[in-house]
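What follows is a single structure, written as structure tokens, with notes after it.
Read the figures in this text as sums done on the coordinates, not as results from a lab. The structure presented is a predicted model; accordingly, all values stated were derived computationally and were not measured. Methodologically, a virtual Cβ is constructed for each residue, glycine included, from the backbone with ideal geometry; neighbour enumeration extends over all protein chains shown.
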Amino acid sequence: MAPQMVSVNISLPKPLYEKGESLVEKGFFQDLSELARVSLAEKVLVLLQIVKAGNGYRDKLADLRREFSKTALFEKENVADIVQSLRKKRSKLWKEKYAKLYPHIG
């Protein structure tokens, strides 16, 4: 059974909207709504892991936001470069902060 859907309106910076539309046009997502759902779900999972990690999750969240704000995500033109950059950062973050907490995941 599919989950009940709720309609939400959001405002996006134009460069982010254009990058999202580009990903849709290239076939990564069916539409901008799917991109938003997937992105939000991934972000929620990361934040839930931070909360599970215990003390200091707000500091860790602030660190993640600072790190994200330093990225040139919106300046990169090549989707492959964006994906590669995000995968490297995800891998580094996993090794540094979560691998010891979840050794069974590998």
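Structure data summary
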read-out: Label-point gap, in nm, between residue 65 and residue 53 - each point 7 angstrom along Cα→Cβ; value: 1.6 nm
read-out: The chain: DSSP helices with Cα axial extent of at least 27 Å and average Kyte-Doolittle hydropathy no lower than -0.5; value: 32-52
read-out: Potential extension, residue 26-residue 14 segment - 0.36 nm per residue separation minus Cα distance; value: 2.5 nm
read-out: Solvent-free Debye scattering, log10 I(q)/I(0), computed from the Cα coordinates of the chain at q = 0.11, 0.13 Å⁻¹; value: -0.45, -0.63
